[in-house]
Amino acid sequence: MSNHYYDAADLKKFGNIGTYQKELSDKFFSYYGEVFKDSALSAREKSLIALAVAHAVQCPYCIDAYSSDAFERGWSEAQMMEAVHVAAAIKGGAVLVHGVQMMNKVKEIAM
């Protein structure tokens, strides 16, 4: 089946999100541009962080965009995959630490 919910061509349409609300879109893109400039972290470092976050939030458009961006900024495949593993470890840890909430609840209802 060639149809799927995520269409890679839609990534190129991201700039069109202002069609129905230009003022908010302009503010978002201004903020976005500022965030990814060199500052305390380099734009290169931010690209690798964005790649990891893209995987954590499971955004296929972001994964495509930041896989390309990180590679173009000189990150190796091994470094990129290690960043993905960092995201996986944090996300997995977040799931597991919420197990404490479950344990607390079970103790409460078992009493």
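Readers should treat all values here as calculations from the given coordinates under stated rules, not as data from a laboratory. Keep in mind the model is a prediction, meaning the values are calculated, not measured. A quick note on method: Cβ atoms are made from the backbone with ideal geometry, for glycine too, and the neighbour counts reach across all protein chains shown.
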Can you confirm whether the stretch 20-41 contains a residue that is under 20 Å from Tyr61 (Cβ atoms), in contact with a Ser or Thr (Cβ under 7 Å, 6 or more places away or on another chain) and of a type outside the set (D, E, K, R)? no
Taking the stretch 14-38 and the residues there that are in a helix (DSSP H, G or I) and of a type in the set (S, T, N, Q), the one that is farthest from Ile49 (Cα to Cα) would be Thr19
Members of the stretch 10-30 that are of a type in the set (S, T, N, Q) and surrounded by fewer than 11 Cβ atoms within 10 Å (Cβ to Cβ): Asn16, Thr19, Ser30
Counting only residues in the stretch 75-111 that are surrounded by fewer than 13 Cβ atoms within 10 Å (Cβ to Cβ) and of a type in the set (Lys, Arg), the one nearest to Ala56 (Cα to Cα) is identified as Lys105
If only one of Leu51, Leu41, Leu11 is of a type outside the set (Ser, Thr, Tyr), assigned to a loop (DSSP other than H, G, I, E, B) and within 20 Å of Phe71 (Cβ to Cβ), which one is it? Leu41
Looking for something among the hydrophobic types (A, V, I, L, M, F, W, C), free of Cβ contacts under 8 Å to residues at least 60 places away in the same chain, over 27 Å from Lys12 (Cβ atoms) and not in a helix (DSSP H, G or I) - is there at least one such residue anywhere in the stretch 86-107? no
Condition met for Gly33 (exposed (fewer than 13 other Cβ atoms within 10 Å of the Cβ), closer than 24 Å to Ala8 by Cβ, among the small types (Gly, Ala, Ser) and touching a residue at least 24 places away in the same chain (Cβ under 8 Å)): no
Would you check which residues across the stretch 54-85 are in a helix (DSSP H, G or I), within 16 Å of Leu11 (Cβ to Cβ) and of a type in the set (A, V, I, L, M) and list them? Ala54, Ile63, Ala65, Ala70
Of the conditions (1) farther than 19 Å from Ala43 by Cα; (2) crowded, with 16+ Cβ neighbours inside 10 Å, Ile63 fails just one. Which one is it? (1)
